[in-house]
Amino acid sequence: MHPLIDGILAASRERGFGAAATWPKTERRDLIGSSRALKGRSIIPIIAEIKPKAIGRALAPEEVTAYAEAYAENNACAVSVLTEPTHFKGALHSALIARRAGLPVLRKDFIFDERQLAEVQADHVLLIAALGIDLNRFVDEARTLGMEPLVEVHTEEELEAALKTDAKIIGVNNRSLNTLEVDLGTFERLAPRAKQAGVFLVAESGVHSNEDALRMMQAGADALLVGTELMGGPERLGEMNRF
């Protein structure tokens, strides 16, 4: 694991956990259904990310609102919200604010303790296989709280571990957690096995253009997760999601 990731985890442990939040499970929105509806309209399904680190500072609530609304207007299938505050400058309340735009919300953080799962309302939550968590237990607990997990993998071994759970959504991250380097070939290498298993497959990281987006879709992605490229101009989403 890269020292940066170790530092993020250490800061999370030192910070502790937020109070448990509650919400009606019936309010959960569906990333899979949203993605398939857009694809039926010849729009590439993109989970558009609110990633404050990309602009070097935390966001005010009204800025979170503006990004989420712009993503909705430009046909995002969901909004991913970074909630990790130390490195990514995120905040738990940003997930709640983003939900007001009406799209499914994915909480993206470094979840290593089950207590983190209950900290904020979201429709989906990222679970990173590389963190060595008990994936079966965390998948079950997320669903108990009303969230559908997105299990993130980077290697063949992590993918096989994810496929041993009943996770419906798996994300292949093109960014190595060991080197932080990005290689779109990671998704192309792992996608055939994931597609064979019948999961809903998300390509994460490294998409900066419509050409990159099409490459990932052609490799078998059901949806993409894009962050850095959109933070400088959320309207870019409308250019990237064209088939």
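Please list, by residue number, every one of the trypsin sites (Lys or Arg not before Pro) in region 76-112 that is coil in DSSP and has at most 14 other beta-carbon atoms within 10 Å.
Values: sites: Lys89, Arg99, Arg100, Arg107, Lys108; in loops: Lys89, Arg100.
Answer by residue number: Arg100.
Considering helices alone, the calculated mean residue ellipticity of the chain at 222 nm is -11000 deg cm²/dmol, with DSSP H runs of length four and up weighted by -39500 (n - 2.57) and normalised per residue.
Each Cα pair under 8 Å and six or more residues apart adds its sequence gap; the mean of these over the residue count of region 134-207 is a relative contact order of 29 percent.
To the nearest 20 debye, what charge dipole does the chain have about its Cα centre, counting +1 at the Cβ of each Lys and Arg and -1 at the Cβ of each Asp and Glu? Please report the intermediate quantities before stating the final value.
Details: 28 positive and 35 negative charges, 97 e Å.
Approximately 460 debye in magnitude.
What percent do you get for the relative contact order of the chain when only Cα pairs under 8 Å and 6+ apart count?
On the way: 486 pairs, mean separation 51.6, N = 243.
Once divided by the residue count of the chain, the mean separation gives 21 percent.
Rounded to the nearest angstrom and listed largest first, the equivalent-ellipsoid semi-axes of region 1-63 from its Cα gyration tensor are 30, 20, 15. Selection among Phe243, Phe17, Ala219 by position relative to the dipole of the chain gives Phe243 as farthest towards the positive end (Cβ unit charges, Cα centre).
Ordering Thr65, Ile32, Ile50 by the projection of their Cα atoms onto the charge dipole of region 1-81, which places +1 on the Cβ of Lys and Arg and -1 on the Cβ of Asp and Glu, puts Ile32 at the extreme positive end.
Charging the Cβ of each Asp and Glu at -1 and of each Lys and Arg at +1, and nothing else, the dipole of region 46-140 about its Cα centre rounds to 200 debye.
With contacts defined as alpha carbon pairs under 8 Å and 6 or more residues apart, what's the relative contact order of region 117-243 in percent? Relative contact order comes out at 17 percent. Projecting the Cα positions of Val120, Val182, Val202 onto the charge dipole of region 104-243 (unit charges on Cβ atoms of Lys, Arg, Asp and Glu, taken about the Cα centre) puts Val202 furthest along the positive direction.
If you put +1 on each Lys and Arg Cβ and -1 on each Asp and Glu Cβ, how big is the dipole of region 69-198 around its Cα centre, in Debye rounded to 20? Mind showing how you got there, number by number?
Working: 14 positive and 21 negative charges, 58 e Å.
In debye, rounded to 20, region 69-198 gives about 280.
Read-outs: derived from the displayed coordinates by stated rules, not from any lab. Here the structure is a predicted model, which means the values were calculated and not measured. Positions of Cβ are generated from backbone atoms using ideal geometry, with glycine treated the same way; all protein chains shown enter the neighbour counts.
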